[in-house]
1. Within the range 636-661, count every residue that is closer than 12 Å to Asp577 by Cα, of a type in the set (Gly, Ala, Ser) and assigned to a loop (DSSP other than H, G, I, E, B).
2. Can you tell me which residues in the range 510-526 are away from the ligand (no atom under 13 Å from the Cβ) and of a type in the set (Asp, Glu)?
3. Does any residue of the range 824-836 turn out to be of a type in the set (Phe, Trp, Tyr) and buried (at least 21 other Cβ atoms within 10 Å of the Cβ)?
4. Please go through the range 786-814 and pick out each residue that is touching a residue at least 60 places away in the same chain (Cβ under 8 Å) and of a type in the set (A, V, I, L, M).
5. Which numbered condition trips up Gly399, out of (1) in a strand (DSSP E or B); (2) without any contact (Cβ under 8 Å) to a residue 60 or more places away in the chain; (3) within 16 Å of the ligand (Cβ to nearest atom)?
6. Here's a check for you: in the range 436-494, which residue that is basic (Lys, Arg) and away from the ligand (no atom under 15 Å from the Cβ) is farthest from Ser741 (Cα to Cα)?
7. When both residues are 6+ apart or on different chains and their Cβ atoms are under 6 Å apart, which pairs have a first residue that lies in the range 739-755 and is more than 16 Å from Gln462 (Cβ to Cβ), and a second that is more than 16 Å from the ligand (Cβ to nearest atom) and basic (Lys, Arg)?
8. Within the bounds of the range 803-817, is there any residue that is in contact with a Cys (Cβ under 8 Å, 6 or more places away or on another chain) and either within 16 Å of the ligand (Cβ to nearest atom) or modelled with pLDDT of 95 or more (or both)?
Amino acid sequence: MNSWKKTIKFSVNNKERKRLSMKITDLLIEYRDNPIGLDVKKPRFSWKLISNEKDVLQTAYRIIVTKEGEIVWNSGKCDSSSSVLIEYAGQELEKCSIYKVQVEVWDNKGNQASKTGTFETGLLKGKNFVADWITHSFSEEETACPVFFKEFELKKEVAKARVYASALGVYEIKINGEKVGDTFFAPGWTNYKKRIQYQTYQVDEMLKEKNKIEITVGNGWYKGILGFTCTPNHYGDRVAAIAEIHITYTDGTTEIIKTDKNWSVTTGSIRKSEIYMGETIDTTFLATEPRKVVQLPYDKELLTGQESEPVRITKRLPAKELITTPKGEKVIDFGQNIAGFVELKVKGEKGQKITIRHAETLDKDGNFYPDTLRQAISIDEFICNGQEQTFMPHFTFHGFRYIAIEGLENIELENFTACVLHTDMKQTGTFKTSNPLVNQLQSNIEWSQRGNFLDIPTDCPQRDERLGWTGDAQVFSGTATYNFNCALFFTKWLRDLATEQTEEFGVPHVVPNILGNQEGAAAWGDAAVIIPWVVYQTYGDIRILEEQYESMKGWVDYITSRCGSNGLWQTGFQYGDWLALDKEEGSEDRTGATDKYLVANAYYAYSTKILVETAKIIQKIDDAQKYENLYKKIKRAFNEEYITKTGRMVSETQTACILALHFDLAEEQYRERIMETLKRNIAEHKNHLTTGFVGTPYLCHVLSENGAHDLAGTIFMKEDYPSWLYAVKKGATTIWERWNSILPSGDFDESGMNSLNHYAYGSIGEWMYRKLAGINQIEPGYKKILIKPMFIKGIHSVEATFDSMYGKIKSAWSCKDNKIIVNVEIPANTTAIIYLPEKTEPVEIGSGSYHWEYATDTNLELARFSMDSTLKEILDEPLAIQLLNQHAPEMLDHPMIQFAYQLTLSEIVAMAPSESGQLFKIVIDALNKAGENH
Ligand code: BGC
């Protein structure tokens, strides 16, 4: 063995050894690994380099694409460091063909590496479908899912077989009784009147001599009950299917088996299924007498290959605990709020019905509490056939952590598994700290993303909504793209958005739009502009800007068309700072206290600015100039209307200040005053936030970027209501819709709108990655990286990674026992600037792993006393009395002093002369120091 190793070692010559020190990993084609069914005319290639050397940069690449051995594109050796999203520029691609891709790269260290991959085109155009749409003639009352089927024989040996299929509804295909593929909810949700995705499946191994293909179609989003009105038939009242099997035999001949008038239809064990309501599977049911199918004239040009990753079961969670509630319900806890369904293994009596109800939570008495689901009753029923069986629904999903079971005597935990379902995006971010509550928060954010990225970005996965609310997706997109690769997910959904957008109504509030025409609203409609920008910034994807440009422009133009003579948008419906806490108590209005049109115009300016940048990038020079002028006009008008001549915001809420600062709307000379207003407002709320959907994503950014990072840390680390960690301490495993979805008393918010899995407030995640871990892009797509971690009290170490298009970026730091340690990893073919904490000069580095270690006096333990201590708590310390008497003797003698005992120091500072702030800081420091010395 040893000698063998040696031989290898000596047989590698110097040149080869060099070559081996650099490798290509992850050759991705349109963000995917060897994709099939690709309907992209010019696919883009990306790869990552890994190397055991430092400062590695790619100097050249060559891409060769072949089809059946023939070269269809040879890029030639390009002297370029580009390795992300390089566009195919060869011969026109042919449908249903396999292409081989070979990438060769050279680096600045004299290394060379290559990697191969493949992609397979789909039908490329919907009208290339030769199959017919087929439907059924069952009565309107029939709730069972139709099963379209055909039997066929194959006489020759199969070399390659693909199924291209879609449905109006959601479908599942079986060949010879076995499920085709491992995906769910195909063809996904689009506006089926405008576009429909089809899927491609590899079925080479599934075909035999005698075959039966079955396509079961559930109502899904097409025909099913949807929206808070719980009405069916949003797109049509009859589900349908289309499919064709393309077979290539080993002798080179081909054959297509396709849906047409010769197929039959029956119903099977799925007796009813609705996304909101659940599914009933009766395995005692024997199929109904088959009927002939009905051909359906439906435009095949609407069909387009699947654009994002499909929905899959990505995790299977074991049951944690069996509970008998005070009311006597038999309940299983899976320990995690998810979107998905339960798989049950059981051997019941023939005809035995087992019912599974779903809920996100128990109430404070420990009883099952399905009320957050509203009218979405989410009940699955399984009827046994007397055999050993495994049940799992097909066309429904639920938002739940708990299930209540009826109809089963012996409940054994190992027979129940919670299947987590969502779009199968690759996880790209990890974030861990020394603080368990913060780690749980990160986990909650990730889980809310999993729960709500199910084909489209939804507000929540459990109640009678689950809609593609544009505002929610917009505010969360910056965080989403850290946690998971969302490039394809958003590409698909933004196409949906563009197809639903109109000149008259702008961008709908939900996409796909099942709510009908409503005038566009700020922060919601701005998804059209902000999300493409986020995707571009994260992945360096210029195509999404090109593709969405008309939609981006359309949204800005829509707003302009609503503006008055002062150039501002001040008419029509707005969501304002949705769910903000600063509205008067008891008010039914959920739009917060910030002037709604201030919010609207802040976004108008922000989106216009992004549009200007986009126009420059995609070289729309005239537009860039036009919108630059518009932007200046909006900014001027905004200042005139919403900021006084002395720099005072007319609406002095947290969110108003945040928007003026974060969107860079306030004139330079007013920024300081606005910052002071923001800090005062925060102090008046005992250092708590009051922000809603609009202010929350930016609050901590604004503080960190404007000299108040400590305050950002204080707000972030709060554990009482309202705060992120309040929910964590209340046992949340996902992000809640409201800051007080569960009240301190344990009661629930009863507004009728209380989801426990709603990612909007998870938008703090972006700040955690950017500020606490310090991972930022200087150039779009992270070709140039900025690492700038910022400490906060209460966290003494952070370790985060982000798997960029170039490879893994890592930022890890710890600050304890008088020592700072920083570990950084920078992927090959990128460079970075590092701002080491407490060092003044930045360090410029190339790729590789780096380690720094140096001394510090900083102690990040949360101190016993802070500006959030009450005056009473401070005055209980003799040292404080001594210091206050020494520096401000008149203060403690003030006749009103006892009225301030219960106020926090920051509240007092907000009311008192500004020197009091300095003084309290001296006192706090002294008290904390004295504490440390004991
Ligand atoms: C949804 C939201 C959404 C909002 C807008 C709610 O019902 O759950 O998150 O953005 O409506 O009004």
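1. 0
2. Hit for the range 510-526 is Glu519, nothing else.
3. Keep residues of the range 824-836 that are of a type in the set (Phe, Trp, Tyr), which gives 835.
Checking which are buried (at least 21 other Cβ atoms within 10 Å of the Cβ) leaves us with none.
Within the range 824-836, none of the residues are of a type in the set (Phe, Trp, Tyr) and buried (at least 21 other Cβ atoms within 10 Å of the Cβ).
4. If we filter the range 786-814 for residues that are touching a residue at least 60 places away in the same chain (Cβ under 8 Å), which is where we start, we get 790-807, 814.
Met790, Ile792, Ile795, Val798, Ala800, Met805, listed by residue number.
5. The failed condition is (2).
6. It comes out as Lys492.
7. Short answer, once both residue conditions are applied: Gly746/Lys364.
8. No, the range 803-817 contains no residue that is in contact with a Cys (Cβ under 8 Å, 6 or more places away or on another chain) and either within 16 Å of the ligand (Cβ to nearest atom) or modelled with pLDDT of 95 or more (or both).
The values are calculated or read from the model by the stated rules, or taken from the named source; none is laboratory data. This one's a predicted model, so the numbers in the text were calculated from it and none came from an experiment. Cβ atoms come from the backbone with ideal geometry, glycine included; neighbour counts cover every protein chain shown.
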